[in-house]
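Worksheet: the structure to be examined is printed underneath.
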Amino acid sequence: MNYAIIAAGEGSRLVQEGVKLPKPLVNLCGTPMIKRLIDIMTDCNPESLSIIVNEQMTEVREYLESLKLPVPLHLTVKTTPSSMHSFYEVSRHFEDGKFILTTVDTIFREEDFRAYVEAFEADETTDGYMAVTSFIDDEKPLYIDVDADMRITAFRDRPFEGMKYISGGIYGLTAPALKVLENCMETGVSRMRNYQRALVEAGLNLKAYPFPKIIDVDHAGDIATAEAFIS
């Protein structure tokens with residue numbers, strides 16, 4: 001499995017609330033947020049790891065360059081206008097096969113992630129496994145519409161009758177999804193949620209995989225919440 005982490009955001013809300021460390025280096029139970037993600041991914045059958053940080057995050061870049069990892073690390077230092085553009089940058093380093101992408105502030109339990117990876121690896125009939133959760137913690141959640149077989153039929157900005165899940169911000173995809181990404185870049189599509197809509201419009205077979213709980217660290221108060229969740 002190829003893995004990627006988007007850590008190119010500014011973390012401006014944390015800064016405004018008094019958090020001095022760059023978001024990727026904020027400690028959760030004594031471990032920098034980005035290192036926790038790296039450790040989880042490198043314990044889940046990794047082939048490569050790609051990470052993007054913005055040009056202002058010199059401290060994060062230096063930290064990542066100091067790590068000794070068991071797989072190749074492809075580090076991109078570039079400021080991008082959106083997470084979709086960051087995804088495009090790291091996608092250039094993907095080896096053949098499946099890949100899983102998430103953002104640095106997406107917090108989940110290791111055992112839930114491992115089960116998700118194993119399910120995605122074993123499924124040869126779908127184009128992607130998208131993590132979903134019924135726990136709503138995001139300020140602007142992306143609501144997921146699924147059929148009886150958990151196939152994703154739509155990504156919606158607003159809740160709807162019968163809604164059960166929102167996006168968990170973990171994207172397991174295959175090569176056809178990269179073609180859709182290239183088309184989005186060429187046609188001026190922006191934002192990850194619009195890219196996900198483009199995947200459905202292109203006819204890709206996407207399956208929703210439920211996580212019991214996923215937390216985003218957007219505010220200073222979320223740090224303690226995340227620590228309590230994973231401890």
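Within the chain, what is the longest stretch that has no GluC sites (Glu not before Pro) placed in a DSSP loop and near at most 16 other beta-carbon atoms within 10 Å? Intermediate values should be presented prior to the final figure.
On the way: sites that count: E10, E17, E47, E55, E95, E124, E139, E161.
Longest site-free region, per DSSP loop and neighbour criteria: 162-231.
Under a crude label model (7 Å from the Cα following the beta-carbon direction), how far is A115 from S231 in nanometres?
According to this spin-label approximation, the distance is 2.4 nm.
Counting other Cβ atoms within 10 Å, keep those with at most 16, restrict to DSSP loop, and tell me which trypsin sites (Lys or Arg not before Pro) in region 46-149 are left.
On the way: sites: R61, K68, K78, R92, K98, R109, R114; in loops: K68, K78, R92, K98, R109.
Filter output for region 46-149: K68, K78, R92, R109.
According to the square roots a ≥ b ≥ c of the eigenvalues of the Cα gyration tensor, what is the shape class of region 98-160, taking rounded for a/c under 1.5, prolate for a/b larger than b/c otherwise, and oblate for the remainder?
Numbers: a/c = 2.03, a/b = 1.18, b/c = 1.72.
Judged from the Cα gyration tensor, region 98-160 comes out oblate (a/c at least 1.5, b/c at or above a/b).
Hand me the chymotrypsin sites (Phe, Trp or Tyr not before Pro) from region 114-201 located in a DSSP loop with no more than 10 other Cβ atoms within 10 Å, in residue order please.
Values: sites: Y116, F120, Y129, F135, Y143, F155, F160, Y165, Y171, Y195; in loops: F135, F160.
Answer by residue number: F160.
Could you check how many percent of all C-alpha pairs in region 36-141 are farther apart than 22 Å?
Values: 2098 of 5565 pairs.
Roughly 38 percent, once rounded to a whole number.
Can you check what the Kirkwood hydrodynamic radius comes to for region 17-93, Cα pairs only, in Å to one decimal?
Values: mean 1/r = 0.0748 Å⁻¹.
After inverting the pairwise mean of 1/r, the radius is 13.4 Å.
Taking amide hydrogens as modeled 1.01 Å from N in the peptide plane, which residues meet the under 5 Å criterion relative to Y165, leaving out close sequence neighbours?
Under 5 Å from the amide H of Y165: I144.
Just to be sure I understand the model, the point goes 7 Å from the Cα along the line to the Cβ. What's the resulting R151 to C29 distance in nm?
A separation of 3.8 nm, rounded to one decimal place.
Taking just the alpha-carbon atoms of the chain, what radius of gyration and Dmax come out, in angstrom?
Considering the chain through its Cα atoms, Rg and Dmax are 16.7, 49 Å.
Hey, any idea what % of the chain's accessible area is carbon plus sulfur with a 1.4 Å probe?
46 percent
Of the DSSP beta bridges with both residues in the chain, give the percent that are antiparallel, rounding to the nearest 5. Mind showing how you got there, number by number?
Working: 20 of 42 bridges.
The answer is about 50 percent antiparallel.
Send over a whole-number figure in Å² for the accessible area per residue of region 33-168, probe 1.4 Å.
Values: 6470 Å² over 136 residues.
Roughly 48 Å² per residue, with all protein chains present.
To the nearest 0.05, what FRET efficiency results for V15 and R191 with a Förster distance of 25 Å applied to their C-beta separation? Walk me through the intermediate numbers first.
Working: r = 23 Å, r/R0 = 0.91.
Computed FRET efficiency for V15 and R191 comes out at 0.65.
Mind checking Rg over Rh on region 97-231, alpha carbons, Kirkwood formula for Rh?
Reported Rg/Rh (Cα atoms, Kirkwood Rh): 0.96.
Which one, P70, G9, G169, projects farthest toward the positive side of the charge dipole computed for the chain from Cβ point charges (K/R +1, D/E -1)?
G9
The values are calculated or read from the model by the stated rules, or taken from the named source; none is laboratory data. Note that the coordinates shown come from a computational prediction; the quantities given were computed from them, not determined experimentally. No Cβ is skipped: glycine too gets one built from the backbone with ideal geometry, and neighbour counts run over all protein chains shown. These area figures cover heavy atoms from the full protein model, side chains too; ligands, DNA and RNA do not enter into them. Shrake-Rupley method; radii C 1.70, N 1.55, O 1.52, S 1.80 Å.
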